[in-house]
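Coordinate-derived values only; no laboratory data. In this text the structure is predicted, and so the values were computed from the model without any measurement. Positions of Cβ are backbone-derived with ideal geometry, glycine not excepted, and every protein chain shown enters the neighbour counts.
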Amino acid sequence: MAKRILVTGGAGFIGSWTVKAFLDDTKHQVFVLDDFSNGLKQNLEEFRNEPRLADVKKLDIAKAKEIAAYIDKIKPNLCVHLAAQIIVQDSIFNPVRTFDADVRGAFNLLECCRRARAGFAFMSTCMVYDQAGAASRISERHPVVPKSPYAGAKLAGEHLAMSYHHAYGMPVVIMRPFNTYGPRQKASGEGGVVSIFLSRQLKGENLNIYGTGKQTRDLLYVADCADFVLKASMSKAADGLALNAATGRDVSVNTLARLAIDTAPVKTGSKIKLVKHIHPQSEIMKLCGNAAAAKRVLGWKPATTLPRGLALTREWLSGVFERGETVWHS
Ligand SMILES: NC(=O)c1ccc[n+]([C@@H]2O[C@H](COP(=O)([O-])OP(=O)(O)OC[C@H]3O[C@@H](n4cnc5c(N)ncnc54)[C@H](O)[C@@H]3O)[C@@H](O)[C@H]2O)c1
């Protein structure tokens, strides 16, 4: 039977790819809820004539009454909760905003889903994990340490969601993707390092690296991340679990910068510069994920190599620049 799937943050980067995955790979109806603080209408443009995209609603998840009225009306079977304030640095400058969206927002949605008897797929992040040793891949059993209000808010959201699982029997899955990149990602903040480097290279600007550049990231292509979100949120076997999504290979920020310059078909003269870190205390030096559980439980594994993902992202960014549009970068 066709389900009613609510995707919060559905106008955002991963959200719009998740909407695409649900529309392409299932027969379900999709409802998007987003306050458009970082999402864009154009991210959903390609689905304009798709009748199974049942609604796109502009709403702030921190506003309990409005959210309750909307969810009581649409009666979803499942909430795929991706909406969040996502920039680590912003969470350090303005933790209230992060708390409102990422903790209060998650709580408001959980309360509504409890009434609607809907399942809840909670988008957490690899940023919740503690530093790992140089040789190790981070599995779901690795200790968590909130090094920023963003990570703290995500852990609070995870715990709230799991409390609803245990107290009310709500179907809940916790999703912890590693750094995700690809088309439609804004070139801003730490998460957007691939977009920032590629867009700076295309414009002939220097590539700035905060700190030593020895920090590593496990870079997941966004279509693979969306496929993971779809499989995790639809799987009965994932109920009550936290699952990583990762490639299992990390690359240093220095290497990524070199790749952005060396693999570019058109050389623009960009150079790499090391600059002072803004928040070294919140930096995680090594991030490399172990996604064996997602493979075992969901049959999921990433399909896109880093060179292929970089090429697809560069192609998209080139199109954006050719059309005279902008991608934000700091
Ligand atoms: N990008 C990554 O590398 C990455 C990695 C792991 C986890 N995540 C998580 O994935 C999710 C999506 O991230 P993204 O990178 O696509 O970022 P994004 O900013 O593009 O998506 C978040 C969406 O949530 C919306 N939003 C923010 N606050 C809201 C509010 N109060 N009410 C309603 N909507 C609100 C934004 O407008 C945006 O469309 C987030 O939960 C993020 O924490 C991202």
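Remarks
- Estimated [θ] at 222 nm from DSSP helical runs (n ≥ 4, -39500 (n - 2.57)) normalised by residues in the chain, nearest 500: -11500 deg cm²/dmol
- Sequence-distant residues sharing a close amide H with LYS286 (under 5 Å, placed H): ALA132, THR216
- Annotation for region 196-305: trypsin sites (Lys or Arg not before Pro) lying in DSSP loop with at most 12 further Cβ atoms inside 10 Å of their Cβ are LYS214, LYS236, LYS267, LYS271, LYS276.
- Remark: for residue pairs LYS236/LYS295; LYS147/LYS286; LYS203/LYS271; LYS3/LYS73, the C-alpha separation exceeds 22 Å in no case.
- The charge dipole of region 70-109, taken about its Cα centre with unit charges on the Cβ atoms of Lys, Arg (+1), Asp and Glu (-1) only, comes to about 160 debye.
- Distance between region 46-110 and region 235-292 - C-alpha centres, whole angstrom: 26
- Helix 253-262 axis, angle to the chain major axis (alpha carbon atoms, nearest 10°): 70
- For region 172-330, share of DSSP beta bridges that run antiparallel, in % to the nearest 5: 15
- For the chain, alpha-carbon Rg relative to the globular expectation (2.2 N^0.38 Å, N residues): 0.95
- Bridge type composition, region 91-245 - antiparallel percent by DSSP, nearest 5: 10
- Considering only beta bridges that DSSP places wholly inside the chain, some 10 percent are antiparallel.
- Of the chymotrypsin sites (Phe, Trp or Tyr not before Pro) found in region 4-95, those that fall in a DSSP loop while having at most 16 other beta-carbon atoms within 10 Å are PHE36.
- Nearest-ten-degree value, helix 13-25 long axis tilted from longest Cα axis of the chain: 60
- Where the Cα pairs of region 1-72 fall when distances are cut into 10 Å bins, in %: 21, 54, 24, 1
- Across region 227-233, computed HN-Hα scalar couplings (Karplus, 6.51 cos²θ - 1.76 cosθ + 1.60, θ = phi - 60°) run 4, 4, 4, 4, 5, 5, 6 Hz from first to last residue, x flagging Gly and Pro.
- Once the Cα atoms are used to define both axes, helix 149-168 deviates from the longest principal axis of the chain by about 30 degrees.
- Taking amide hydrogens as placed 1.01 Å from N in the peptide plane, the amide H of TYR210 sits under 5 Å from those of VAL275, each at least 5 positions away in sequence or on another chain.
- Gaussian network model of the chain, Cα within-10 Å springs - most flexible of ALA257, ALA64, ALA238: ALA64
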